[in-house]
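Below is one structure, written out as C-alpha cells; comments come after it.
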Amino acid sequence: MASRIIPVGPFDLVVFGGTGDLARRKILPGLYRRYLAGQMPKEAQLIGAARSKLDADGYRAFVREALEEFIPEAQRPVETVQGFLAHLQYVSINALGPEGWQELSQLLRGDVVRAFYFSVTPSLFSALAAKVHQHGLAGPDCRIVIEKPFGHNLASAKALNAELATYFDETQVYRIDHYLGKETVQNLMAVRFGNILFEPLWNAQYIDHVQITVAETVGVGGRGSYYDQSGAMRDMVQNHLMQLLCLTAMEPPAQFDPDAVRDEKLKVIRALQPVAQADIVRGQYMAAGGMPGYLEDVGDPASSTESFVAMRASIANWRWKGTPFYLRTGKRMRARMSEIVVRFKQTRHSIFDEEARGKPNELAIRLQPNEGIDLRVTIKEPGPGGMRLIDVPLDMTFAEALGPDAEAVPDAYERLIMDVIRGNQTLFMRGDEVEAAWAWTDPIISAWKGDRRLLPMPYEAGGPGPEEALALMHRDDRRWKDIRV
Ligand code: BG6
C-alpha cells in the first residue's frame, strides 16, 4: 500500500505556550514528524510564543532537545533536523500586556493560512483571543486552536464560547479533543459506515450493552494541582469518553462533513439520561506495590477528588432505549487499555444443545495499545465429538494487517494540527457540543459536593479498580472485560 501524503499549503502557525510541556512533548515532535513525512511545505513558518526571553536560536535549541527526547534517533538525521528547525521563529510575548505583539505581527505573512494554537493555561484563553483580535492579527483565513479543558462547568464553557464568539466565527474555532485524532476512533466511523455488515444490527434490538474503558497505568504525576481540581469526571469522561460514546451511538450522518457529523454527536449527548448516583462509582487509588497513593501524589491528605469513575449511562432514543452504555476510566490501573466493546445479544433461538451454545458476538475496537479491531464469532470446535461450539477472534491488529503503513500512522496531535491547516473541523468539538456535554456532567459532579455517602472508594494502585465498579456490572448480570497487561 503506497502512503498518500498530501502536502498542505503554506501556513503560519503560532504556538502560544511554545515552551510548555504540551508543545515540547506533542506539538513540536508532531510537527517534526509531519515534516519528515513530507507534508510540510517549504513556506511553513512555526512561531513559538511564550513568556521566556529567548531568541529564535535559543528556541531552536529548545526544540532540538525536545526532538532528541521524543523522536527516535534513527528518525533524526542531522540535515533533516536542521531543515525542520529552519522553519522556526520565536517571540517573547506577554498574554496580558503589550510586550511582543508588535514583533509577532511583523513575523506574520499576509497571504497564507494563519493558525494560533492556545497551548496555555485555560485562564489565559480569553485574554489571548482578545489580544489576537485587538492587534488585528485575525484575518478571515485565521484559525484558533483551543486545548482542553474547555471550561470547568457549563457556566464557564458558555462564558468562554461567548467570549470567543465576539472575536471569531465558529468556523474559525478548533476545540481539541485529542481522542478524536486517534486512528482507531476514526476507524470506528469507517467500520460503522463503510460496511453494510454492522449497521443493521447496531441498535437495542441486537446489542446487549456497550462498554467503554480508558484505563491508564500512570498516576497524576506532576499535574496534581490541575488534576485535583478536575478529577476523572472532568478530565476524561466529559470529553474523551463522551466523544467515544457519541461516535459509537450516533446516527449515520448524511455525509462526512464537519457539521453533519457534529449535529449527530450533539443529538446523542442531548439524549443522554441524567445518571443516578446509584449507577456511578467513584474511586481513588491507594498506595500499593511501591507506588504512592493519590493523596500523596496531590499533596492533600483530605482530597476527595476521584481518580477513577465507572457508570451506567443510558441514551433515551429510538435506537438505544434499553441498551446501557457502561463507561469506566481510571489512573494507576493494572494496564493501559482503551477499548470500546460492543456486546451483541445471544441468538434468539438455539438449535444446538444447551452445553454447545456459543457465546454472544462481541466487537472490540482497541484504541491502545495494539490498535485494532477484534470480532468474536462462534464456530464449531474442530474435530470429532459432536457439535461443540467455541468462540474465536477475527482479529485485525493494524500493525499486522497493514504492515509498515501502520507505523506511518500519524499520532493524534499531528493529524489534528494538519486538519486545522486544511480547515477541516470534523474532528473538533463545536461549541454547542461542549456545552451539552457539560450540561449532562454538571449535576453529577454537583451532587458529590458535601455528600459523604458519595466519596470515592479506595482501590489499589496497579489493580482493576474498586470492587464496587465490578459490582455495578454484576448487578445487571454482566461483566467488564478484564483490564489486562
Ligand atoms: C488527557 C488527560 O486529556 O488525556 C490526561 O488530561 C490523560 O489525564 C490523557 O492521561 C490520556 O491520553 P492518552 O492519549 O495517553 O490516552
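The values are calculated or read from the model by the stated rules, or taken from the named source; none is laboratory data. On a predicted model such as this, the values are computed, not experimentally measured, just so you know. Virtual Cβ from ideal backbone geometry, glycine too; neighbours counted across all protein chains shown.
Sub-7 Å Cβ pairs linking a first residue in the stretch 170-195 that is under 18 Å from MET337 (Cα atoms) and in a helix (DSSP H, G or I) to a second residue that is within 16 Å of the ligand (Cβ to nearest atom) and among the polar types (S, T, N, Q), at least 6 apart or interchain, are TYR179/GLN243; LEU180/GLN243, ordered by first then second residue.
Pairs meeting the criteria (first residue in the stretch 127-149 and without any contact (Cβ under 8 Å) to a residue 12 or more places away in the chain and surrounded by 20 or more Cβ atoms within 10 Å (Cβ to Cβ), second residue of a type in the set (Val, Ile, Thr) and not in a helix (DSSP H, G or I), beta carbons under 7 Å, at least 6 apart or on different chains) are lacking.
Inspect the stretch 117-124 for any residue being farther than 23 Å from ASP411 by Cβ, surrounded by fewer than 17 Cβ atoms within 10 Å (Cβ to Cβ) and within 16 Å of the ligand (Cβ to nearest atom) and give the result as yes or no. Yes, some residue in the stretch 117-124 is farther than 23 Å from ASP411 by Cβ, surrounded by fewer than 17 Cβ atoms within 10 Å (Cβ to Cβ) and within 16 Å of the ligand (Cβ to nearest atom).
Determine, yes or no, whether MET387 is aliphatic (A, V, I, L, M), in a loop (DSSP other than H, G, I, E, B) and either over 40 Å from the mean Cα position of the chain (by Cα) or away from the ligand (no atom under 16 Å from the Cβ) (or both). Lay out the reasoning, then the answer.
On the way: aliphatic (A, V, I, L, M): yes; in a loop (DSSP other than H, G, I, E, B): yes; either over 40 Å from the mean Cα position of the chain (by Cα) or away from the ligand (no atom under 16 Å from the Cβ) (or both): yes.
Here the answer is yes, as MET387 does meet what is asked.
Checked against (1) assigned to a loop (DSSP other than H, G, I, E, B); (2) among the aromatic types (Phe, Trp, Tyr); (3) in contact with a Lys or Arg (Cβ under 9 Å, 6 or more places away or on another chain), TRP318 passes all but a single condition, namely (3).
Is it the case that GLN243 is within 16 Å of the ligand (Cβ to nearest atom), surrounded by fewer than 18 Cβ atoms within 10 Å (Cβ to Cβ) and in a helix (DSSP H, G or I)? No.
From GLN284, GLN277, grab the single residue that is under 29 Å from ARG475 (Cα atoms) and surrounded by fewer than 17 Cβ atoms within 10 Å (Cβ to Cβ).
Residue meeting the stated conditions: GLN277.
Screening the stretch 48-66 for residues that are surrounded by 22 or more Cβ atoms within 10 Å (Cβ to Cβ) and out of contact with any helix residue (DSSP H, G or I) (no Cβ under 6 Å at 6 or more places or on another chain) and picking the one that is nearest to VAL91 (Cα to Cα) gives ALA49.
Pairs linking a residue in the stretch 106-123 that is without any contact (Cβ under 8 Å) to a residue 60 or more places away in the chain and within 21 Å of VAL8 (Cα to Cα) to a residue that is of a type in the set (Lys, Arg) and not in a strand (DSSP E or B), with Cβ atoms under 6 Å and 6 or more positions apart or on different chains, do not occur.
Restricting attention to the stretch 197-227 and to residues that are among the polar types (S, T, N, Q) and at pLDDT 95 or above, the residue that is surrounded by the fewest Cβ atoms within 10 Å (Cβ to Cβ) turns out to be GLN205. Residues in the stretch 9-32 that are of a type outside the set (Val, Ile, Thr) and in a loop (DSSP other than H, G, I, E, B): GLY9, PRO10, GLY17, GLY18, GLY20. The set of residues in the stretch 149-188 that are within 14 Å of the chain's Cα centre (by Cα) and of a type in the set (D, E, K, R) comprises ARG175, ASP177, LYS182, GLU183.
Can you confirm whether ARG366 is closer than 19 Å to ILE445 by Cα and surrounded by 18 or more Cβ atoms within 10 Å (Cβ to Cβ)?
Working: closer than 19 Å to ILE445 by Cα: no; surrounded by 18 or more Cβ atoms within 10 Å (Cβ to Cβ): yes.
No, not satisfied.
Taking the stretch 473-485 as the range and being crowded, with 18+ Cβ neighbours inside 10 Å and either in a strand (DSSP E or B) or touching a helix residue (DSSP H, G or I) at 6+ places or on another chain (Cβ under 7 Å) (or both) as the test, only TRP480 passes. Of all residues in the stretch 356-371, those satisfying the criterion of being part of a strand (DSSP E or B) and within 16 Å of the ligand (Cβ to nearest atom) are ILE365, ARG366, LEU367, GLN368.
Of the residues examined, THR329 is not one that is touching a residue at least 60 places away in the same chain (Cβ under 8 Å), outside any strand (DSSP E or B), β-branched (Val, Ile, Thr) and buried (at least 20 other Cβ atoms within 10 Å of the Cβ). When the stretch 201-227 is limited to residues that are among the hydrophobic types (A, V, I, L, M, F, W, C) and not in a loop (DSSP other than H, G, I, E, B), the one that is nearest to the ligand (Cβ to nearest atom) turns out to be VAL214.
Say we look at the stretch 246-267 and pick out the residues that are part of a helix (DSSP H, G or I) and within 18 Å of VAL341 (Cα to Cα); which of these is farthest from the ligand (Cβ to nearest atom)? Step by step, filter the stretch 246-267, then rank; the result is ALA249.
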